[in-house]
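Only one structure is covered here, and it is reproduced in the block below.
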Amino acid sequence: MESESLQRELRQEILHARRRIYEVGEVTPLDSITLRDPALEIFVKREDLSPIHAYKWRGAYNRMAQLSEKELSVGVITASAGNHAQGVALAARKLGTRAIIYMPLSTPRMKQIAVRRHGGDHVEIRLHGDSYDQASAAAHDCAAEEDLCYIHAYDDLAVMAGQGTLADEIVMSGRGPFDVAYLQIGGGGMAAATATWLKVNFPGIHLVGVEGVHQASMAAAVKAGHPVSLDHVDVFCDGTAVRKVGTLTHKICADLIDEWMTVTNDEVSAAIQFLWEQLRCIPEPSGAMGVAAILKQREQLAGKRVLSILCGSNMDFEQLANIARRSAVGAARRRYLRIQIPEKAGAMYGLLETLPNSVSIMDFQYGKTDANKAGPIIGFDVSPIEFDALRDALTGGHYEYQEVSAESDVGFRLIHYDPKLMQIPTFITLEFHERPGALAEFLKAVSPHSNLCYFNYVYSGERVGRALLGFEFANHQDHDCFPQVLDSARHAYRTYEPVSESTLLRIIGI
Ligand SMILES: Cc1ncc(COP(=O)(O)O)c(C=O)c1O
């Protein structure tokens, strides 16, 4: 079938879906964010507030509500990266059928728990393979063997039509027309249906298809003229990690999407932070891709009314730490510099004193590797203007430095040090007030009597900072007096604690 007849059928199906899907869910809100400089209004469809915290219940229920009595009595099967699985589970329970659900072994834990919560005894989860595509192949084999109805996550008109109801709600909100819509794409079901509905209701709208950098299977299909399989798919944005898009979805997207773009994982992380700050919601990575694309093209959107779909918020809590770190890099705020200083008492304090007050230190990685010179790596959160001021200050202080923001050892916080070079070392954990200048003050107080030989600190968002510090001493007398020195520097920190004997032995490798 050609794209135009597919779109006609899809529009018809969306109207039917309207009558079915509100048996299990409600209309979701359309929030807006007004930005200045450049001025633009971003509309955000809040699918995270739906029954499964993603839009996938719409398509799954619309498809399964049309199953015959016989099909329902046998049960259904599907494969999913997680959110479609929840939709199928919800529909299976509501319709009183059973569902076998294949998911990749790496499916976030919270998506597995949610499938069980929504489906109860009606679902059986089978974890299989490392990707959606491997799970899908196994599910298709099983469907053929057991003669079960396969509920496709995207390449099915009824599923697509269900997803299209979110676009119907956007139109019915009365807040259109919109100048541009950014639609994220996995297999293409949501984008195809939304594009179909938006184009017919707002004919002047410009549609942008958004994919992850190593997930751009729809752009590849459009280029090739047919769906193609990507060799490698990045899974940070797990909801959209699809190796090969659908045949139906490709036809419609190729016809209706006006522009294609990709977003990096760091840009997606920055968009999650942006949505937290603006709306106090935390989307899952795939859910924030549209907003990431908007922020990327922000300058060219001046004066426009821009639409995005926040399509899900199902994510393991543990992922937040990684997102917070990446976000600073994605927003081009976090910059890591390796700065050369002499390896001698007071040098680190001198360096900290040189830094402008406006810059915040977010990460500090240093270990002694040379008797004469040191190269601490410091991560700063800085705007481009602050970064220029930082560089001017370092140049003014005659410090040599290199930017190491993209280096793997820095990203993984691999702190090199040579314990053999550390003279009579002592290690402490230090808790200090998170305020500009606190560390410099501390180092100033202790540096006449010790030399810093190890420094490990990352900003955690708390009001207090915690660092693991190593000091070395010119002689045993200085070493033994160190507790008194620390006591005399009390004004500069909250508490400290020497590491245990066994920890010290591990650190210095004995
Ligand atoms: C949060 C989220 N966003 C986007 C998508 C991509 O949807 P589609 O496969 O319809 O393109 C998915 C798919 O599961 C998803 O879970």
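The values are calculated or read from the model by the stated rules, or taken from the named source; none is laboratory data. What you see is a predicted model, and the numbers here were worked out from it, not measured in a lab. Virtual Cβ from ideal backbone geometry, glycine too; neighbours counted across all protein chains shown. Ligands, DNA and RNA are excluded from the accessible area calculation, which covers all protein heavy atoms including side chains. Shrake-Rupley method; radii C 1.70, N 1.55, O 1.52, S 1.80 Å.
Roughly how many percent of the accessible protein surface of the chain is carbon and sulfur, given a 1.4 Å probe and a whole-percent answer?
50 percent
Compute, for the stretch 347-507, the length of the dipole vector about the Cα centre, with Cβ point charges of +1 (Lys, Arg) and -1 (Asp, Glu) only. Units Debye, rounded to 20.
Its charge dipole is roughly 280 debye.
Residue-wise, which Karplus ³J(HN,Hα) couplings in Hz belong to the stretch 292-302, taking 6.51 cos²θ - 1.76 cosθ + 1.60, θ = phi - 60°, and x for glycine or proline?
Result, rounded to whole Hz: 4, 5, 4, 5, 5, 9, 3, 4, 8, 9, 3.
Taking every eigenvalue of the Cα gyration tensor of the chain, multiplying by 5 and rooting it, what semi-axes result, largest first, whole Å?
Computed over the chain, the values are 53, 26, 19 Å.
Please give the calculated 222 nm ellipticity per residue for the chain, where each DSSP H segment of at least 4 residues contributes -39500 (n - 2.57) and the sum is spread over every residue; nearest 500 deg cm²/dmol?
-12500 deg cm²/dmol
Apply the Karplus curve 6.51 cos²θ - 1.76 cosθ + 1.60, θ = phi - 60°, to the phi angles in the stretch 50-63 and return the couplings in whole Hz, x for Gly and Pro.
8, x, 10, 6, 6, 6, 5, 5, 5, x, 4, 5, 4, 6
Explain nothing, just the number: relative contact order of the chain, from Cα pairs under 8 Å at least 6 residues apart, as a whole percent.
The normalised contact order for the chain reaches 12 percent.
To the nearest 0.05, how large is the calculated FRET efficiency for Ser360 and Ala224 if R₀ is 56 Å and r is the Cβ-Cβ distance?
After rounding to 0.05, the efficiency reads 0.75.
Projected area of the stretch 332-418, taken from the Cα convex hull and averaged over every viewing direction, in nm²?
5.4 nm²
Once both labels are modelled 7 Å past Cα along the beta-carbon direction, what's the Glu9-Glu318 spacing in nm?
4.4 nm
Taking a probe of 1.4 Å, how large is the accessible area per residue of the stretch 71-159, in Å²?
Using a 1.4 Å probe on heavy atoms only, each residue of the stretch 71-159 averages 39 Å².
Using the C-alpha atoms of the stretch 207-333, what convex hull volume per residue, in cubic angstrom, is computed?
Hull volume over Cα atoms, normalised by residue count, gives 113 Å³.
Need one number for the stretch 393-477: average projected area of the convex hull over its C-alpha atoms, nm².
Convex hull of Cα atoms, orientation-averaged projection: 7.4 nm².
Solvent-accessible area per residue for the stretch 5-46 at a 1.4 Å probe radius, Å²?
Solvent-accessible surface per residue comes out at 52 Å².
Using heavy-atom solvent-accessible surface (probe 1.4 Å) with all chains present, what is the largest-first order of Glu434, Glu2, Glu69?
Ranked from most to least accessible, the order is Glu69, Glu2, Glu434.
Taking the Cα centre of the chain as origin, sum charge times position over the Cβ atoms of Lys and Arg (+1) and Asp and Glu (-1), and report the length of that vector in debye to the nearest 20.
Dipole magnitude for the chain comes out near 860 debye.
With each pseudo-label sitting 7 Å past Cα toward Cβ, what's the Phe412-Asp480 distance in nm, one decimal?
Each label point lies 7 Å from its Cα, and together they span 4.3 nm.
Over all directions, how big on average is the projection of the convex hull of the alpha-carbon atoms in the stretch 347-507, in square nanometres?
Projected over every direction and averaged, the Cα hull of the stretch 347-507 covers 9.6 nm².
Just for the Cα atoms in the stretch 58-150, what are the lengths along the principal axes, largest first, rounded to whole Å?
34, 27, 21
Quote the relative contact order of the stretch 58-150 in percent (integer), defining contacts as alpha-carbon pairs under 8 Å separated by 6+ residues.
Worked out over the stretch 58-150, it gives 32 percent.
Could you tell me the distance between the Cα centroids of the stretch 190-245 and the stretch 249-319, to the nearest Å?
First find each Cα centre; the distance between them is then 13 Å.
Among DSSP beta bridges whose residues both lie in the chain, state the antiparallel percentage, nearest 5.
Bridges in the chain are about 60 percent antiparallel.
For the stretch 449-510, what is the per residue volume of the convex hull drawn over the alpha-carbon atoms, in cubic angstrom?
In the stretch 449-510, the Cα hull volume divided by residue count equals 108 Å³.
I'd like the per residue volume of the convex hull spanned by the Cα atoms of the stretch 246-299, given in cubic angstrom.
102 Å³
Among the aspartates and glutamates, which fall within straight-line cross-link reach of Lys244, defined as a Cα-Cα distance under 20 Å, with same-chain neighbours fewer than 8 residues apart omitted?
Straight-line reach from Lys244, under 20 Å: Glu2, Asp130, Asp133, Asp141, Asp155, Asp156, Glu211, Asp231, Asp234, Asp255, Glu259.
Checking the table Lys56/Lys251; Lys344/Lys444; Lys45/Lys304; Lys368/Lys444; Lys251/Lys296; Lys344/Lys420 against a 23 Å threshold on Cα-Cα, which pairs fail?
Over 23 Å apart, Cα to Cα: Lys251/Lys296.
Label Arg280 and Glu431 with points 7 Å out from Cα along Cα→Cβ: what is the distance between them in nm?
Simple spin-label model gives 2.9 nm for this pair.
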